[in-house]
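The values are calculated or read from the model by the stated rules, or taken from the named source; none is laboratory data. All of these numbers come straight from a predicted model, not from anything done at the bench. Neighbour counts are summed over all protein chains in view; Cβ atoms, including those assigned to glycine, are modelled from backbone coordinates with ideal geometry. SASA here: full protein model, heavy atoms, side chains in, ligands and nucleic acids out. Shrake-Rupley method; radii C 1.70, N 1.55, O 1.52, S 1.80 Å.
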Amino acid sequence: QVELVESGGGLVQLGGSLRLSCAASRLTFSRYTMSWYRQAPGKERELVATITSGGDSTNYGDSVKGRFTISRDDAKKTVYLQMNSLKPEDTAVYYCHARFPGFFYWGQGTQVTVSS
């Protein structure tokens, strides 16, 4: 059974940084497009960042451009999200997502809370 396990969330002050990790198991990680989504209380889940198979291309939500960076290490089957200049509106549960034609998987989420 495929597993995506997020880690690295926590409580951080305004302007601080966090790095999220998502470790994958039991899938051919290098073939998957990997993404981070987030969902704040009372809001819809939104796309934060995406990195394609091979890492050739990345894409970011408008609200995080210039502050967040997505990267991947295929040897470790891990995708990362470096989050800088964090704001209270970044507070949410962050989910890892793996996508390949005909298949997709979600992690269980990790909480990020930014205090002002």
Exercise for the section: State whether the residues of region 90-97 include one that is at pLDDT 95 or above, open to solvent by 10 Å² or more (accessible area, probe 1.4 Å) and among the charged types (D, E, K, R). Expected result: no
Problem - Hits in region 73-89 - residues which are open to solvent by 50 Å² or more (accessible area, probe 1.4 Å) and under 11 Å from the mean Cα position of the chain (by Cα) - result: 82
Fill in the blank from the handout: Considering only strands (runs of 3 or more DSSP E) wholly within region 1-53, the ones with at least 2 residues that are β-branched (Val, Ile, Thr) and buried (at least 19 other Cβ atoms within 10 Å of the Cβ) are 46-51
Problem - Search result, residues across region 98-116 that are open to solvent by 60 Å² or more (accessible area, probe 1.4 Å), assigned to a loop (DSSP other than H, G, I, E, B) and modelled with pLDDT of 95 or more - result: 108
Exercise for the section: Of the numbered conditions (1) touching a helix residue (DSSP H, G or I) at 6+ places or on another chain (Cβ under 8 Å); (2) on the phi < 0 side of the Ramachandran plot, residue 77 fails exactly one; give the number of that condition. Expected result: (2)
